[in-house]
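Single-structure report; data block below.
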Amino acid sequence: MVKRKERGDSLLSISQATGYGVSTVEKHLKKAEMENLHLNLEQSTELELKKAKELIKKLKGRIAELEKDLSGYKIVLKAEFGK
C-alpha cells in the first residue's frame, strides 16, 4: 500500500512539474519501463548467447583433444595386436 501511495505521489509531482496530466505521465512511465525491460532482456539474451558460444568453442576443443588421444590408443592397439 505504501508503494502505491509513493508512486501516486511521484506521478502527481511529475505531473505538476511537467504540466501533463497524471494519466499521461503514468502512460509514458509505463512505456519507458516496458522499453527498459525489453532492452534488459535483449542484453541478457546476448550475454547468454555469448556464453553459450564460448562453451561450444571449449567443448569442440576438448572433443578434438579426446579424438587425438583416441587415435593414439588405436595406433598402440594396432601395434600390439596387429588389427
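The values are calculated or read from the model by the stated rules, or taken from the named source; none is laboratory data. Quick caveat: nothing in here was measured; it's all calculated off a predicted structure. A quick note on method: Cβ atoms are made from the backbone with ideal geometry, for glycine too, and the neighbour counts reach across all protein chains shown. Quick note on the areas: whole protein, heavy atoms, side chains included, nothing else; ligands and nucleic acids left out. Shrake-Rupley method; radii C 1.70, N 1.55, O 1.52, S 1.80 Å.
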Positive-end residue of LEU11, LEU77, LEU47, charge dipole of the chain with Cβ unit charges: LEU77
Cα-centre dipole for the chain with unit charges at Cβ (Lys and Arg positive, Asp and Glu negative), debye to 20: 320
Protein accessible area in the chain, 1.4 Å probe - carbon and sulfur %: 62
Å³ per residue enclosed by the Cα convex hull of region 13-58: 54
Helix-only mean residue ellipticity at 222 nm for the chain, each DSSP H run of n ≥ 4 adding -39500 (n - 2.57), per residue, nearest 500: -34000 deg cm²/dmol
Three-way shape label, the chain, alpha-carbon gyration tensor, a/c 1.5: prolate
Rounded tilt (10° steps) of 22-81 against the dominant C-alpha axis of the chain: 10
